1. I'd like the full set of residues that are exposed (fewer than 14 other Cβ atoms within 10 Å of the Cβ) and either within 22 Å of the chain's Cα centre (by Cα) or not aliphatic (A, V, I, L, M) (or both), limited to segment 98-114.
2. Residues of segment 115-134 being over 17 Å from the mean Cα position of the chain (by Cα) and buried (at least 17 other Cβ atoms within 10 Å of the Cβ), which ones?
3. From the residues in segment 47-64 that are surrounded by 13 or more Cβ atoms within 10 Å (Cβ to Cβ) and more than 16 Å from the chain's Cα centre (by Cα), which one is modelled with the lowest pLDDT?
4. Suppose we filter segment 65-97 for residues that are closer than 16 Å to THR129 by Cα and crowded, with 16+ Cβ neighbours inside 10 Å; how many remain?
5. Within segment 72-130, which strands (runs of 3 or more DSSP E) (wholly inside it) include 3 or more residues that are modelled with pLDDT under 85?
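The values are calculated or read from the model by the stated rules, or taken from the named source; none is laboratory data. Owing to the predicted nature of the structure, the values given are computational and were not obtained by experimental measurement. When we count neighbours, we look across all protein chains shown, and the Cβ atoms used for this are built from the backbone with ideal geometry, even at glycine.
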Amino acid sequence: MAFSSGGRTHSSLADINITPLVDVVLVLLLIFMLTAPVLQSGIDVAVPKTRTVNQLTEERTVVSIDKEQRVFLQDKPVNVHDLPSLLRSGNPAKKVIYLRADEKVPFGAFASVMDAVKQAGITNISIVTRPLTE
């Protein structure tokens, strides 16, 4: 669209300035990157500290036991007796379970959850810990 005034032609400014759009998208990306790990571990569990810790890079099936000995599958509370039937979906031989237990949980409760996972046919169980700070 052109305008003429006094023999000179002026074009209207019809371009969209994308700089603010890019700024907003980058800020949103940063927010999602920072909050995604927090959303996955919504259950308050103080896992024990160890010297060797492997970082998780992808989302896995997590079974958690909090300090009141409540059992959670991902973020949903479950009964320990229902856990084998909930974990049997798919190929249990190839499934990996990450077990997060509060450090104040007695070994008996931990062992009963491990037994329930093994009843589902899953033998690949990893125990989640946090790094030992010196």
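1. Filtering segment 98-114 for residues exposed (fewer than 14 other Cβ atoms within 10 Å of the Cβ) gives 103-104, 106-108, 111.
Those that are exposed (fewer than 14 other Cβ atoms within 10 Å of the Cβ) and either within 22 Å of the chain's Cα centre (by Cα) or not aliphatic (A, V, I, L, M) (or both): GLU103, LYS104, PRO106, PHE107, GLY108.
2. Restricting attention to segment 115-134, the residues satisfying the condition of being over 17 Å from the mean Cα position of the chain (by Cα) are 115-125, 131-134.
ALA116, VAL117, ALA120, ILE122 - these are the residues of segment 115-134 that are over 17 Å from the mean Cα position of the chain (by Cα) and buried (at least 17 other Cβ atoms within 10 Å of the Cβ).
3. Taking segment 47-64 first, the residues surrounded by 13 or more Cβ atoms within 10 Å (Cβ to Cβ) are 47-48, 53, 56, 60-64.
Pick out the ones that are also more than 16 Å from the chain's Cα centre (by Cα) and you get 48, 53.
Numbers: PRO48: 61, VAL53: 58.
The selected residue is VAL53.
4. Selection size over segment 65-97: 3.
5. Working: elements: 76-78, 96-101, 124-127.
Answer list for segment 72-130: 124-127.
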